[in-house]
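First up is the structure itself, then whatever we jot down about it.
The values are calculated or read from the model by the stated rules, or taken from the named source; none is laboratory data. This is a predicted model, so every value here is computed, not measured. Cβ placement follows ideal geometry from the backbone for every residue including glycine, while neighbour counts extend to all protein chains displayed. Surface accessibility is based on the protein's heavy atoms, side chains included, excluding ligands, DNA and RNA. Shrake-Rupley method; radii C 1.70, N 1.55, O 1.52, S 1.80 Å.
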Amino acid sequence: MRATRPILPLLAAVLFLPAPALAQGGAGRAGAAPETTQANPALQRRARIQREIRMAFTRAVRNQVGLSDDQMRRLAPINQKYVRQRQGLAREEQATRQLLRAELMKPQPDQDTVARYLAQLQTFPRQRLDLNDAEDRELGSIMTPVQLARFRALQERVQRQLNMMRGARGGRGGPGENPGRGFPGADRMR
């Protein structure tokens, strides 16, 4: 069941980011120049959509999962913590894959280097599972088992909808979108 709970970490981060972080637009992306939503209509639209999604998901968590105000406040930092960790892990995995590809493009790839990259790639699924377990323990400290089960079911429904939307757009998503759990507690893919 663990591997069937993937959620896009970008969307998850959006759901529980404070409003000022959304207003910064692309400022948080590596290599992206800081932009304001006032200067870019596309960023304004994106910020509005993100705000609407965040509010809808928050309402759904409150109504369908039955979290109290205190539980909702405690959920946000847990989510942020694990979203950051998953995004970091995704970046690390992507960098390792790029290094491996670059090594394989050489006329004479170094066997030891390739073996090292392959071994490193084997560690990422275990690290994602470890993050799942740690997050489950933390979420279990603020939710009852029934709430946690409902929360996971909600995440899965949202993920299916997001996957359908992504499929309809023909998009694959950007780096770090797949391996994270995303919404407070969603799972990693790959």
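Per-residue answers, yes or no, for (1) touching a helix residue (DSSP H, G or I) at 6+ places or on another chain (Cβ under 8 Å); (2) modelled with pLDDT under 85:
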{"site": "3", "(1), (2)": "no, yes"}
{"site": "32", "(1), (2)": "yes, yes"}
{"site": "41", "(1), (2)": "no, no"}
{"site": "47", "(1), (2)": "yes, no"}
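Kindly provide the set of residues from segment 98-133 that are touching a residue at least 24 places away in the same chain (Cβ under 8 Å) and either polar (S, T, N, Q) or touching a helix residue (DSSP H, G or I) at 6+ places or on another chain (Cβ under 8 Å) (or both), ordered by number.
Filtering segment 98-133 for residues touching a residue at least 24 places away in the same chain (Cβ under 8 Å) gives 120-121, 124-125, 127-129, 131-132.
120, 121, 124, 127, 128, 129, 131, 132 - these are the residues of segment 98-133 that are touching a residue at least 24 places away in the same chain (Cβ under 8 Å) and either polar (S, T, N, Q) or touching a helix residue (DSSP H, G or I) at 6+ places or on another chain (Cβ under 8 Å) (or both).
Pull up segment 53-69, narrow it to residues that are touching a residue at least 12 places away in the same chain (Cβ under 8 Å) and part of a helix (DSSP H, G or I), then point me to the one that is nearest to residue 146 (Cα to Cα). Before the answer, list the steps.
The first filter runs over segment 53-69 and keeps only residues touching a residue at least 12 places away in the same chain (Cβ under 8 Å), leaving 53-54, 57-58, 60-61, 64-67.
Narrowing the set further to residues that are part of a helix (DSSP H, G or I) leaves 53-54, 57-58, 60-61, 64-65.
Numbers: 53: 24, 54: 23, 57: 18, 58: 18, 60: 15, 61: 13, 64: 11, 65: 8 Å.
The selected residue is 65.
Which one is nearest to residue 134 (Cα to Cα) among residues in segment 52-79 that are charged (D, E, K, R) and either modelled with pLDDT under 85 or loosely packed, with under 11 Cβ neighbours inside 10 Å (or both)? So that I can check it myself, show each step before the final result.
The first filter runs over segment 52-79 and keeps only residues charged (D, E, K, R), leaving 52, 54, 59, 62, 69-70, 73-74.
When the remaining residues are screened for being either modelled with pLDDT under 85 or loosely packed, with under 11 Cβ neighbours inside 10 Å (or both), the result is 52, 54, 59, 69-70.
Working: 52: 29, 54: 24, 59: 25, 69: 23, 70: 21 Å.
Once the filter is applied, the top-ranked residue is 70.
Step by step: first the residues of segment 142-190, then only those that are among the basic types (Lys, Arg) and at pLDDT 80 or above, then the one that is least open to solvent (accessible area, probe 1.4 Å). Which residue is that? Break it down stepwise before answering.
Filtering segment 142-190 for residues among the basic types (Lys, Arg) gives 150, 152, 157, 160, 166, 169, 172, 181, 188, 190.
Now restrict to residues that are at pLDDT 80 or above: 150, 152, 157, 160.
Working: 150: 127, 152: 14, 157: 95, 160: 135 Å².
Going through the qualifying residues, I end up with 152.
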